[in-house]
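Shown next, in structure tokens, is the structure this report addresses.
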Amino acid sequence: MKKAIITGITGQDGSYLAEFLLDKGYEVHGIIRRSSSQNTQRIDHLSTGKFAEEEKFVLHFGDLSDSNNLNKLIYHIEPDEIYNLGAQSHVKISFDVPEFTSDVNAIGTLRLLESIKEVNPNIRFYQASSSELFGKVKETPQSENTPFNPRSPYAVAKLYAYWITVNYRDAYELFATNGILFNHESPRRGKTFVTRKITTGISNIIKGRQDKIILGNIDAKRDWGFAGDYVEAMWLMLQQDSPDDYVVATGETHTVREFCELAFEHVGIDLVWDGEGENEKGFDSATGKELISISSQFFRPTEVDLLLGDATKTQQKLNWKPKVSFKELIHMMVDSDLNNYNNLYRKEY
Ligand code: NAP
Ligand code: F7E
């Protein structure tokens, strides 16, 4: 039986990856931060189920800012694979907490690699790299060969993490890989990322708990996939004969505006727009009710305007393809928020 450590196990991807690895028969060890309020909702079904009873799902306190803690955990757990998903992952917030973001996202990755090098260089390592590395894009679509041009403290920290992963692979022959993942969403997405902000907003509007959704740049374009599909690609990267870097994306790009239109359409509302820039608004065409407005509060000091991934290498080498379409993803998220499922589309454990 293989053993894996997942940093960021309480997050969206961590929870899907934990389920995926448990299904494959792994013993999964998750690193969680001490918090004064409960933050384990996405994995509580694993902590209380049969996997926990059989000690196949184990949680440990730790933090990517604490080298000694990471060394100790890696030494005692003796994992075959480490998936580094832990990060301050919000791009806009990285402008408010750039130093913390850099410590966790950049130096946190170095801490893990150093520990692997010293404790057991045979451990396979997955780094959660990001399409944000492409930033103000140098070409479209973006592939493994596209030059990086980061646009936020988050992306600059992830750039360090990307290159230190490549460097430890080259210098010390570690099996260290980068998954350059484009945006991926789910009913478990954090509620301040734009997709989930829209789907929770729609649910609240329909239930009479919120009047409208206030957004920033609705013309930004993203290549959005389903997180449940993307964790399989992470695992596949660590099962290859040699380490490499891979883009994971759907190959389709859509605006935030389109996301809003399709999400409202799913609940029977035809959204129409009026005005320009910060004065633009979205209305229900049937009733005239204002449903969306724009506030500069949600603009970023530097924006990533367009992301569109070319995942040809991943499709060919890993035989991986996304299963859930853009429209299916939106429907899944809207339905989940309307029904308060949160964990919709997961198997029962
Ligand atoms: P997420 O939901 O925000 O989860 C982030 C995880 O990191 C949480 O478990 C969080 O713990 C943990 N974390 C934060 N600071 C930490 C620290 N100092 N020490 C240890 N753990 C810490 O993010 P996600 O969407 O699942 O993304 C997973 C990873 O992929 C992240 O590295 C993200 O940057 C990257 N990524 C995401 C996307 C995407 O579209 N989702 C695309 C490309 C790359 P708490 O619960 O305690 O906060
Ligand atoms: O923004 C625009 C915003 O915060 C998407 C992270 O997982 O994916 C994620 O980063 C777009 C941006 O995700 C609002 O300006 C408009 O252009 O959902 P987001 P992100 O910044 O793309 C990458 C790949 C990661 O690696 C990150 O970890 O939507 N937008 N109005 C808004 N965004 C937010 N959050 N809120 C708004 O009101």
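The values are calculated or read from the model by the stated rules, or taken from the named source; none is laboratory data. Because the structure is predicted, anything quoted here is derived from the model rather than measured. Here Cβ is always computed from backbone atoms with ideal geometry, including for glycine, and neighbour counts include all displayed protein chains. Quick note on the areas: whole protein, heavy atoms, side chains included, nothing else; ligands and nucleic acids left out. Shrake-Rupley method; radii C 1.70, N 1.55, O 1.52, S 1.80 Å.
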Could you list, in sequence order, all residues of the stretch 86-128 that are part of a strand (DSSP E or B) and either of a type in the set (Asp, Glu) or open to solvent by less than 60 Å² (accessible area, probe 1.4 Å) (or both)?
Phe125, Tyr126, Gln127, Ala128
So Trp273 clears everything in (1) under 20 Å from Glu19 (Cβ atoms); (2) outside the structural domain of Phe95 (by the TED database) except one condition, right? Which one?
(1)
Only one of these conditions is not met by Tyr345: (1) open to solvent by 30 Å² or more (accessible area, probe 1.4 Å); (2) modelled with pLDDT of 95 or more; (3) aromatic (Phe, Trp, Tyr). Which number is it?
(2)
Which condition does Ser131 not pass, out of (1) open to solvent by 50 Å² or more (accessible area, probe 1.4 Å); (2) among the hydroxyl-bearing types (Ser, Thr, Tyr); (3) within 23 Å of Trp224 (Cβ to Cβ), if it passes all the others?
(1)
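Would you mention how many residues in the stretch 30-43 are closer than 14 Å to Tyr16 by Cα and surrounded by 14 or more Cβ atoms within 10 Å (Cβ to Cβ)?
Taking the stretch 30-43 and keeping what is closer than 14 Å to Tyr16 by Cα, we get 30, 40-43.
Among the residues that remain, those that are also surrounded by 14 or more Cβ atoms within 10 Å (Cβ to Cβ) are: 30, 40, 42-43.
Number of matching residues: 4.
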Positions within the stretch 202-222 being open to solvent by less than 10 Å² (accessible area, probe 1.4 Å) and more than 9 Å from ligand 2 (Cβ to nearest atom), in sequence order:
Ile202, Ser203
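Condition first: among the small types (Gly, Ala, Ser) and open to solvent by 10 Å² or more (accessible area, probe 1.4 Å). Now tell me which residues in the stretch 223-237 satisfy that. Before the answer, list the steps.
Taking the stretch 223-237 and keeping what is among the small types (Gly, Ala, Ser), we get 225, 227-228, 233.
Listed by number, the list holds a single entry, Gly228.
With the condition kept exactly as written, say whether any residue in the stretch 178-201 is among the acidic types (Asp, Glu) and either open to solvent by 20 Å² or more (accessible area, probe 1.4 Å) or more than 10 Å from ligand 1 (Cβ to nearest atom) (or both).
First, the residues of the stretch 178-201 that are among the acidic types (Asp, Glu): 185.
Those left that are additionally either open to solvent by 20 Å² or more (accessible area, probe 1.4 Å) or more than 10 Å from ligand 1 (Cβ to nearest atom) (or both): none.
For the stretch 178-201, residues among the acidic types (Asp, Glu) and either open to solvent by 20 Å² or more (accessible area, probe 1.4 Å) or more than 10 Å from ligand 1 (Cβ to nearest atom) (or both): absent.
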All conditions in (1) open to solvent by 10 Å² or more (accessible area, probe 1.4 Å); (2) among the hydroxyl-bearing types (Ser, Thr, Tyr); (3) touching a residue at least 40 places away in the same chain (Cβ under 8 Å) are true of Ser285 except (3)
